């Protein structure tokens, strides 16, 4: 094996070792001590001006967190606790806020374009179901097609009166 081939092989082995020892890009992002991942526990964390677009923060505890200027576009915040969080200029466009708790949160200049609000607890404690997707249980997606019709004729009814009975005409 020539020197050039050995150098290439060594570079490949080094790259594989680095990727297997934390050198890869699959490590969770950490911001001010808060690990950005599903079920994160980061109450009162300062995540201001951070790009968390597309992050999975489902079921995370971000109660009391400061998220001013944070980009959470397309993030999964389903079932997250954002109660008493502060969001000024936060981008939540396209975010999944299904069953998210926003009770007592402060929202100012927040972008919610395309966000999913389904079972989301609003800042005043009421529930927002404005963008719940249709479910198979409530939506009939089948199409009924009529291919043949049958015409039937009714036979007039026979009325037999007993002695002393009279036919009354309906009053319209």
Apart from one, (1) surrounded by fewer than 21 Cβ atoms within 10 Å (Cβ to Cβ); (2) more than 17 Å from residue 29 (Cβ to Cβ); (3) in contact with a strand residue (DSSP E or B) (Cβ under 7 Å, 6 or more places away or on another chain) all hold for residue 124; the odd one out is (3)
Please work out if residue 98 is part of a loop (DSSP other than H, G, I, E, B), modelled with pLDDT of 95 or more and within 19 Å of the chain's Cα centre (by Cα).
-> yes
Residue 17 passes all but one of the listed conditions (1) at pLDDT below 95; (2) under 19 Å from residue 122 (Cβ atoms); the exception is number (2)
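The values are calculated or read from the model by the stated rules, or taken from the named source; none is laboratory data. On a predicted model such as this, the values are computed, not experimentally measured, just so you know. Glycine gets a Cβ as well: all are built from the backbone with ideal geometry, and neighbour counts include every protein chain shown.
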